[in-house]
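Input: a single structure, listed below in structure tokens.
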Amino acid sequence: MTTERIAEFFKTRRPEGPCLVVDREVVRDNYTAFRRALPDSAIYYAVKANPAPQILELLASLGSNFDCASVAEIEMVLEAGAGAERISYGNTIKKERDIARAHALGVKLFAVDCHEEVEKIARAAPGAKVFCRVLTDGEGAEWPLSRKFGCVPPMAVDVLVYAHQLGLESYGVSFHVGSQMTKLEAWDAALADAKRVFAQLAKQGIYLQMVNMGGGFPTKYLRDVPTAEAYGQAIFAALSRHFGNQLPKTIIEPGRGMVGNAGVIKSEVVLVSKKSDEDAHRWVFLDIGKFGGLAETMDEAIRYPIRTERDGDEMEPCVLAGPTCDSADVMYEKNMYPLPITLTIGDEVLIEGTGAYTTTYASVAFNGFEPLKSYVI
Ligand SMILES: *Cc1c(COP(=O)(O)O)cnc(C)c1O
């Protein structure tokens, strides 16, 4: 959403070239909404969604914890003023020397999804707490996470027993239902799996304490999405259903839901053309595309709201593409995007809901185009 503060920034600062502007008041509101929706869960912001220092500083000052995927992200969070006790090293794929570095920096909580990773942590971070990630089907997510992370629940039991044997603290279970998850029920099956892992381990005298319920909370793009409150109610109901009155500690790791709606990208129309005189559809080329920060338009998965100064004029679907010389740099073609027929070269367009997964996905200098500039206001 283009807030008044963002509109004012564009009007007064008139930045040259494509750029992202993030309104930190919206991030603050999102944090508060998660806090209220799940008052008993600790919030671990998924840093990869947008690691701008001002966002990390704001969230650190609000009391957030952080989910990091690399030593560089851990260092950014420490720099922002949060202590190592507020950091989870949540990537299941880590070099042993990075685990050692994180351990030296004071990080005590690590994700695993196999025996081999447990061995690395036992060597490089002795005594650390570990949680094992279980697979979920990702059904209903607009940006699903496939089978890359996690193991089947029966294997998670073995992995956590092994961690215990190697002197680690087997602390809990994690899952991620898939990003931009618009189905409130998605957490239910994963929590049922988590409870089964808890029960199996309890039989062996290992008492897990924590369920990391991951991210997946959506941003409103073109369609409405349920509120944080609705997610909170559905998740709390599922927790109670499966764990009864012995609720574990819980964590959520919002990324997209924390920053997505706080950002707007300003872009410019570079060209409007057709491929033949008879061509029914225009091609609209912007100065930003898949390589400039809009990578999540891959397979036309994420469909951003686009505003122009000519909204209100007659609309017609067009192919929307980026400025680079890679033919993959087309955002919407199978499902064309309606834009005003009067839209012309030099017009400014605002791409909303772009606070998450844009600056971090922008290439360094493909075709000489600079990485996406960003301002946090
Ligand atoms: C990316 C990621 C998240 C954030 O996911 P969103 O869908 O953006 O909320 C949370 N946890 C882990 C482990 C992740 O990799």
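The values are calculated or read from the model by the stated rules, or taken from the named source; none is laboratory data. Note that this is a predicted model, so its numbers are computed, not measured. We place every Cβ from the backbone using ideal geometry, glycine too, and count neighbours over all the protein chains shown.
Worth pointing out:
- Identity of the residue in the stretch 67-94, of a type in the set (Val, Ile, Thr) and touching a strand residue (DSSP E or B) at 6+ places or on another chain (Cβ under 6 Å), that ends up nearest to the ligand (Cβ to nearest atom): Thr92
- Check on Leu109, farther than 20 Å from Asn212 by Cα and either surrounded by fewer than 20 Cβ atoms within 10 Å (Cβ to Cβ) or not basic (Lys, Arg) (or both): no
- Candidates Pro51, Pro39, filtered to the one that is over 15 Å from Leu350 (Cα atoms), outside any helix (DSSP H, G or I) and within 15 Å of the ligand (Cβ to nearest atom): Pro51
- Residue tally, condition within 15 Å of the chain's Cα centre (by Cα) and aliphatic (A, V, I, L, M), over the stretch 344-361: 1
- Index of the failed condition, Met315 passing every other in (1) of a type outside the set (Gly, Ala, Ser); (2) in contact (Cβ under 8 Å) with a residue 40 or more places away in the chain; (3) surrounded by 13 or more Cβ atoms within 10 Å (Cβ to Cβ): (2)
- Applying a threshold of 6 Å to beta carbon distances and a minimum spacing of six or more residues, or different chains, the list of pairs starting in the stretch 236-261 at a residue that is touching a residue at least 60 places away in the same chain (Cβ under 8 Å) and ending at one that is among the acidic types (Asp, Glu) and within 16 Å of the ligand (Cβ to nearest atom) reads Glu253/Asp67.
- Contact map, the stretch 148-159: residues that are within 15 Å of the ligand (Cβ to nearest atom) paired with residues that are hydroxyl-bearing (Ser, Thr, Tyr) and modelled with pLDDT of 95 or more, Cβ distance under 7 Å, separation 6+ or inter-chain. Pairs shown: Phe149/Thr92.
- Total residues in the stretch 14-46, condition surrounded by fewer than 18 Cβ atoms within 10 Å (Cβ to Cβ) and either in contact with a Leu (Cβ under 6 Å, 6 or more places away or on another chain) or on the phi > 0 side of the Ramachandran plot (or both): 2
- Hey, Pro53 under 21 Å from the mean Cα position of the chain (by Cα), of a type outside the set (Ser, Thr, Tyr) and under 21 Å from Arg256 (Cβ atoms) or not: yes
- Flag if Ile121 is over 30 Å from Arg28 (Cβ atoms), buried (at least 23 other Cβ atoms within 10 Å of the Cβ) and in contact with a strand residue (DSSP E or B) (Cβ under 8 Å, 6 or more places away or on another chain): yes
- For the stretch 169-208, filtered to residues that are in a loop (DSSP other than H, G, I, E, B) and more than 16 Å from the ligand (Cβ to nearest atom), the residue that is surrounded by the most Cβ atoms within 10 Å (Cβ to Cβ) is Leu208.
- Applying the criterion of at least 2 residues that are of a type in the set (Val, Ile, Thr) to the strands (runs of 3 or more DSSP E) found wholly in the stretch 283-341 leaves 306-308.
- One residue from Glu278, Glu229, Glu268 being surrounded by fewer than 16 Cβ atoms within 10 Å (Cβ to Cβ), farther than 25 Å from Phe175 by Cα and away from the ligand (no atom under 16 Å from the Cβ): Glu278
- Residues that are in contact with a Cys (Cβ under 7 Å, 6 or more places away or on another chain) and farther than 30 Å from Thr12 by Cβ within the stretch 257-303 comprise His281, Arg282, Trp283, listed in sequence order.
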